[in-house]
Structures are given as structure tokens and as C-alpha cells.
1. Do we find a residue being β-branched (V, I, T), outside any loop (DSSP other than H, G, I, E, B), in contact with a Gly (Cβ under 7 Å, 6 or more places away or on another chain) and crowded, with 23+ Cβ neighbours inside 10 Å anywhere in segment 108-115?
2. Would you mind finding the one in A3, A67, A14 that is part of a helix (DSSP H, G or I), at pLDDT below 90 and either among the hydroxyl-bearing types (S, T, Y) or farther than 17 Å from A385 by Cβ (or both)?
3. Being free of Cβ contacts under 8 Å to residues at least 12 places away in the same chain, among the aliphatic types (A, V, I, L, M) and either in contact with a helix residue (DSSP H, G or I) (Cβ under 9 Å, 6 or more places away or on another chain) or buried (at least 21 other Cβ atoms within 10 Å of the Cβ) (or both) is the requirement here; does A207 meet it?
4. Do we find that L292 is part of a helix (DSSP H, G or I) and either more than 30 Å from Q378 (Cβ to Cβ) or of a type in the set (F, W, Y) (or both) in this structure?
5. Which ones in segment 328-361 are assigned to a helix (DSSP H, G or I), of a type outside the set (G, A, S) and surrounded by 20 or more Cβ atoms within 10 Å (Cβ to Cβ)?
6. For the structure I just gave you, tell me whether A41 is in contact with a Ser or Thr (Cβ under 9 Å, 6 or more places away or on another chain), of a type outside the set (D, E, K, R) and free of Cβ contacts under 8 Å to residues at least 60 places away in the same chain.
7. Being within 25 Å of S317 (Cα to Cα), under 17 Å from the mean Cα position of the chain (by Cα) and crowded, with 18+ Cβ neighbours inside 10 Å narrows it down to one of L180, L123, L153, so name that one.
8. Give me the pairs: first residue in segment 243-256 and touching a residue at least 40 places away in the same chain (Cβ under 8 Å), second residue polar (S, T, N, Q) and surrounded by 21 or more Cβ atoms within 10 Å (Cβ to Cβ), beta-carbon distance under 8 Å, and six or more apart or on different chains, which are they?
Amino acid sequence: MVALLPINFFVLAALFFAAGVMALPLVVRGVVADYFYGPWALALVHAFTLGWITASVMGVMYRYAPALTHGQLPFPRLAVAQFGLFLIGSTGMVTHFAIGVWLGTWLAASVMLLSIVLFALNLLPLLWRQAGRGVAETGMFGAICFLLAAGTLGLLLAMDKSYDFMGGNLLSNLGAHIALAAIGWVTLAICAVSYRMLPAFILPTIALPRAAIYQIYALAVGVIGLAATMLLSLRGVTMWSALVMLSLLAYLATMARLMHTRRMPLDWTARHALAGFLWLIAAAVAGLALSLSGAASLADSRIAAAFGAAGLLGFFSNFIIGMSYHLFAGFVGRARAAAGWTAATADSLIHRRPRLPVFVMFNGGAAILALALLAGRQALAEAGAALVAIGGVIYVAATLRTLSFAYRSATPKAARSTLRSPAAAQESCDK
């Protein structure tokens, strides 16, 4: 059951991603015509942030935290329960956001927070041993702490809609939640995981510099300062935003050095990573602009919408898609080996042909969408969203086909005449 846990999260993530990209053209129409803060927009954002991005990162962490720390999950049964709570909480939140029922939203959010607590109980004890020493372990530890904070604040914000007990204003409170969730949780986790994974994929001739861990610290400090100043309505939002941006530029500089000295040719994982880096720059610039002006005017609302597209689709999604090309087949191989099923090579579990059209349509559509949101061009935004949807659905279809072999003993035709033992399959998948 534990061997299937990451796969369960990946399947859920793929389904949320498919639902999100298919709904995107419809939701974009309202965002361009009205405002970025509305029921359907909130539902779509949380379908991506919780269902797609958070589920994917949790699945990766469930595999890599024990591997990096050479330990085991202290409470494996709680991990299984955590997935069930995550499923209930995420679907409940997205559904109730869409229909505008705040009671149901914060009840679902409370289930989600409980799921996050169980996730932290299993992983924080493992990561604590290496926090401050290993870059990936330190970043993942901090990211989970920010996830707890973001989940708590999100629950309070939802309850505030029913009971009106929070001070401050909507935009500043919402901005603090975004800082904790999007930057503190997801971006910090991506920085941490990519410091570990990208060198393994591209084999650079230089070692990861020690400065990488200071970038993790700087980003964490920037998020704490940014969230605190927003929640308390203090001055300094621009200063903390600048610190976040500088830490991200340091991250990009380190990644550029590693990519420049690579010994492996660029594959689709590296291409999606490069695209994600460019999108990160765009998102950081938009975020800094919002910190200077706020998001009260129509122009600011358009910047906020473009910021969301650049971050959710451009940076986060490119990283997850690229990562999945290297990891998912290996995870399936491990699950099959744990079940004692006939082995399957990594090549037999994946389809490579869709990768070019997925990359072109997804990134091209996201670029059109972001520019159209900035310009307030509804028809163009819908066209870009439609391209994103086509590329996303193609990716999901190929991904679900790969993941399905973790649940069934049948093997792909290409594998039946090659490897025959689980150990051999595992060796092939690890390559």
C-alpha cells in the first residue's frame, strides 16, 4: 500500500490537471471580463494549487524524503489515511469554491489542514535529521512548515467569510496566503527538489555550490517577512518582495551554471525546466509589480491574472511535467516490483511522441494566455487557454497510461519480450 502511495497522489494530480485545463477556457472568459477574485476563478486556482501541484509534490516527497534521509515513514498507516483526507479536502474545497458556499469551503479546508498535519507528522521527523546540512532536505523541511502555515491561514480566511473575525483587508490577507502557499510551499519545494534532481538528470561537471542552501534560507526569510507585513498591514512589502526576487535570481543563476556544464544532452525534462525558469522570471517581475501597486485597479487585476498564469502554468506546471518524464516510470517500476509482478522497462511504460506537441502547445498557449490577460483581450485569452487545454489533456492521457501499470499486473507489449524479473525492471527504470 505504501509503495502505491506516490502513484495515488500522481493519479489524483493528473485528474485535477485535466479538469483544470479543460475548465480554463471557460473560466478565463470571466476573469478577463470581470475580476480575478471570483468563485470559478478561486475553484480553478485551487484545482491547480491543491489538486495538481500539491498532490504532485507530496507524491515526490513521500518517495524522496525517506530515500535522502535513509529512513522510513514513521507512521505508514497515517500516510494512507492522509491521502484519503487529501482527496476529500481538495475535491470539497474546489467544489464549494465553484458554487460559492463558504460553510462547505471551510469545512473542506479543515479536512485539508488535517491531511497536511498528518503529512507533516510523517516527513518532518525524517527531514529534521538533515535540516541545515542537506540542501534538498532543508528546503523540503521549510516548505512543509510553510504548507502548514498556508493551510492554517487558508482555513481562517474561509471561516472569516462566515464569521467576519479577521482584521486587515481582503487583498493583503489573500496576498499573505499566496506568499505562504505559492512561494513558501511550492516554490521552496521546487528549488529544493530541483537542486537534487536536475544534476542527476544532466550530470554537470561542477558540484552544487554550498551557496544553494543560503538561497533556500533567503527565500524562506523573504516569505516570512512578506507574509507578516501583509497580514499586519506594515510597510516593507516591496522590500521583502525584492528579497524573494533576488533569492530566485540566485536560484536561476545556480541552475544556469549547472545547465551550462552539463554532460548529458537536453531532453524534454531539461527543456521544460528551461521554460519554467523563463516563466519564473516573468512571474517574479509581475509579483514585484503587484507589491508596488497592489491589485485594486483594473490594470493591477490584469497583472494579477497574468501573474497567476505565469506561476501556475508556466513555472510550476512545467517543472512537474518535466519531472514526471523521468520519475513516473521509475515509481511505477518500484510499485510493480513491490507487488512481485512481471517486470516492465521504463521505455515500455512511456510514450515519447506526445512530448513535442505537449511542450509547444502548453507553453505557446500559456504565453498567449498571459499576454492576452495583460491586454484584456478575451478572444485571444480563450484561444491561448484552449491550446493549454489540448496540450494538457494529451499529457494527462499519456501519463495516466504510464501510471496505470502500477495497478494492474499486465505489462506493455514492448516489455513482454525483454525483462522478466522485477529486479531487472527496477534497474531499467532507475536508469
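The values are calculated or read from the model by the stated rules, or taken from the named source; none is laboratory data. Because the structure is predicted, anything quoted here is derived from the model rather than measured. Cβ coordinates were reconstructed from backbone atoms using ideal geometry, including for glycine residues, and neighbour counts include every protein chain displayed.
1. Kept after step one, since they are β-branched (V, I, T), are these residues of segment 108-115: 111.
Narrowing further to those that are outside any loop (DSSP other than H, G, I, E, B): 111.
Then drop every residue that is not in contact with a Gly (Cβ under 7 Å, 6 or more places away or on another chain), which leaves 111.
Cutting the leftovers down to crowded, with 23+ Cβ neighbours inside 10 Å gives us none.
Checked against the condition, which is being β-branched (V, I, T), outside any loop (DSSP other than H, G, I, E, B), in contact with a Gly (Cβ under 7 Å, 6 or more places away or on another chain) and crowded, with 23+ Cβ neighbours inside 10 Å, segment 108-115 yields no hits at all.
2. On the way: A3 fails: part of a helix (DSSP H, G or I); A14 fails: at pLDDT below 90.
On inspection, the qualifying residue turns out to be A67.
3. When the stated conditions are applied, A207 passes them.
4. On the way: part of a helix (DSSP H, G or I): yes; either more than 30 Å from Q378 (Cβ to Cβ) or of a type in the set (F, W, Y) (or both): no.
No: the conditions fail for L292.
5. Within segment 328-361, the first condition is being assigned to a helix (DSSP H, G or I), and the residues that meet it are 328-339, 346-349, 355-361.
Those left that are additionally of a type outside the set (G, A, S): 328, 331-332, 334, 336, 347, 349, 355-361.
Listed by number, the residues that qualify are F328, F331, V332, R334, R336, L349, R355, V358, M361.
6. Working: in contact with a Ser or Thr (Cβ under 9 Å, 6 or more places away or on another chain): no; of a type outside the set (D, E, K, R): yes; free of Cβ contacts under 8 Å to residues at least 60 places away in the same chain: yes.
Spelling it out, it is not the case that A41 is in contact with a Ser or Thr (Cβ under 9 Å, 6 or more places away or on another chain), of a type outside the set (D, E, K, R) and free of Cβ contacts under 8 Å to residues at least 60 places away in the same chain.
7. Numbers: L123 fails: under 17 Å from the mean Cα position of the chain (by Cα); L153 fails: under 17 Å from the mean Cα position of the chain (by Cα).
Of L180, L123, L153, the one residue that is within 25 Å of S317 (Cα to Cα), under 17 Å from the mean Cα position of the chain (by Cα) and crowded, with 18+ Cβ neighbours inside 10 Å is L180.
8. Listed pairs, sorted by first residue: L248/T187; Y251/Q215; T254/Q215; M255/S194.
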